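Scroll down for the structure; my scribbles are underneath it.
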Amino acid sequence: MLKNYPPKIAKRENLPAYQLAGLQWTVRHAFEHSPFYRERLTSAGIGPDDISSLDDLRRLPFITADDLAAGYPFALRAADFGDLVRIHASSGTTGKRKVLCYTHKDIDDWQNMFARCYELAGLTCQDRVQIAVGYGLWTAGIGFQQACERFGALAVPVGPGNLELQTTFLIDLQSTVFCCTASMGLLLAEEVQRRGLRDKLSLKKIILGAERSSRAMLDTMRDYLGIEEIYDITGLTEVYGPGTGLSCRENNGIHYWADYYILEVLDPLTLEPVAPGEIGEMVFTTLCKEGAPLIRYRSRDLTRLMEGECPCGCFLPRHDRILGRSDDVIIFRGVNIYPGQVDEVLHRVQGIGSEYQLLLDHAPDGRDGMLVRVERVRSGDTQPDEQVVKQIVAGIKHTMLVSCSVELLEPGTLPRSEGKTKRIFDKRSFE
Ligand code: ZN
């Protein structure tokens, strides 16, 4: 199925040997070209000759965003400046941006990975790809665009926001693919619905990046835009950028490019692997990255690995959608709550919209209280409000083992944004 950008191995069984060779190369490359890594590896008592099996990965020390901040701006640099051709930066946690540098080969590898995403999403050279994500220091815009050009489709680089121009170009240029954040996709869908433009569009696919999307948001986009397929693309600036994995047409997990990096899913507290299918933190080790290689980089993103073969025919392994950040895990009445779980619960309830807010506060009785605010949607739905509330309360109780109260709002009440929408408001910390 992946003819132009196939996996670098002929079959899944060959993956471990391929990854081991990449791990050995990476450890040697980092040791020899990066003072940061040489110091780290030496402190851990590991040299380039000590990696003889994939299990040796577990002996390697972790790195985090704090290491990027401490060594700002070129913390992980493992190539001469003469061999570097670009930097990208994303916002860091401590005020300093995370800066990552790329060689020509890194850019080339990234484009091939990303082009593989377009191929898996079923694009052809006839497609017109409207890119509505950020340009500049961000990896998003240039990532989508360069890979589109490499793939051979037509790039329409509008950039983020600007709903008016987006809809104008969707109509005038007859774009067939739209690349955006989930929030932007929702805004566009609601705009197209409001202005009755659906029949003027030729849009077939949406590729969503950079933000966790709820199933309800996807349903709204499908419905209002009349599109057939929505894909989730994954990627962090630290791991090249977007384009390092994609959900396939089966819409059951995200295939990730394990011939370019190793993904571990670890318990964020113990840093031991979680049981198969359990939620854990994504930890990345690259296999051929030159400018800023990653060895056990803790991303803070949460997901779970998925077992088994995918019916789509792609044998590269899968992980679940991003289920939140390990920093976002809320401890509520002693239970770990992942934001992604709330999306899952609300999706199963009929008669509500895609937007919600979760408010956590101290209740008058001194216990922690949870309030779910969600918009009531009445098209074709005759359930009484009490029934809707009851379903939400029962779903939250069943999935997260906590009680909540529910407030139903009129459609369009909750704020929308073109970037990432804040949905969880924890007021307990301000007491
Ligand atoms: Zn698949």
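Data table
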item: Segment 297-313, residues that are of a type in the set (Gly, Ala, Ser) and either assigned to a strand (DSSP E or B) or not assigned by TED's automatic domain parsing to the domain that holds residue 35 (or both); result: 299
item: Test: residue in segment 239-256 that is in a helix (DSSP H, G or I), touching a His at 6+ places or on another chain (Cβ under 9 Å) and more than 16 Å from the ligand (Cβ to nearest atom); result: no
item: Selection from segment 251-308 of residues that are surrounded by fewer than 18 Cβ atoms within 10 Å (Cβ to Cβ), aliphatic (A, V, I, L, M) and out of contact with any Asp or Glu (no Cβ under 8 Å at 6 or more places or on another chain); result: 269, 271, 275
item: Single residue of 199, 232 found to be closer than 21 Å to residue 346 by Cα and either surrounded by fewer than 17 Cβ atoms within 10 Å (Cβ to Cβ) or in contact with a Ser or Thr (Cβ under 9 Å, 6 or more places away or on another chain) (or both); result: 232
item: Every residue from segment 219-238 that is away from the ligand (no atom under 16 Å from the Cβ) and either over 22 Å from residue 128 (Cβ atoms) or not assigned by TED's automatic domain parsing to the domain that holds residue 291 (or both); result: 219, 220, 223, 235, 236, 237, 238
item: Of all residues in segment 334-351 being assigned to a loop (DSSP other than H, G, I, E, B) and within 30 Å of residue 66 (Cα to Cα), the one that is modelled with the lowest pLDDT; result: 334
item: Of all residues in segment 319-332 being outside any strand (DSSP E or B) and more than 16 Å from the ligand (Cβ to nearest atom), the one that is surrounded by the fewest Cβ atoms within 10 Å (Cβ to Cβ); result: 327
item: Count of residues meeting criterion [within 18 Å of the chain's Cα centre (by Cα) and part of a loop (DSSP other than H, G, I, E, B)] in segment 279-291; result: 1
item: Sole residue being within 16 Å of the ligand (Cβ to nearest atom), in a loop (DSSP other than H, G, I, E, B), assigned by TED's automatic domain parsing to the domain that holds residue 117 and at pLDDT 95 or above, chosen from 316, 294; result: 316
item: So residue 115, is it crowded, with 17+ Cβ neighbours inside 10 Å, at pLDDT 95 or above and within 23 Å of the chain's Cα centre (by Cα); result: yes
item: Tabulated pairs, segment 230-247, first among the β-branched types (Val, Ile, Thr), second outside any strand (DSSP E or B) and within 15 Å of the ligand (Cβ to nearest atom), C-beta under 7 angstrom, 6+ apart or interchain; result: 233/117; 244/257
item: Pair list, Cβ < 6 Å and 6+ apart or interchain, from segment 216-227 residues that are part of a helix (DSSP H, G or I) to residues that are surrounded by fewer than 19 Cβ atoms within 10 Å (Cβ to Cβ); result: 216/347; 224/193
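The values are calculated or read from the model by the stated rules, or taken from the named source; none is laboratory data. Just so we're clear, the structure is a prediction, and the values are computed from it rather than from any experiment. Neighbour counts run over all protein chains shown; Cβ positions are idealised from the backbone, glycine included.
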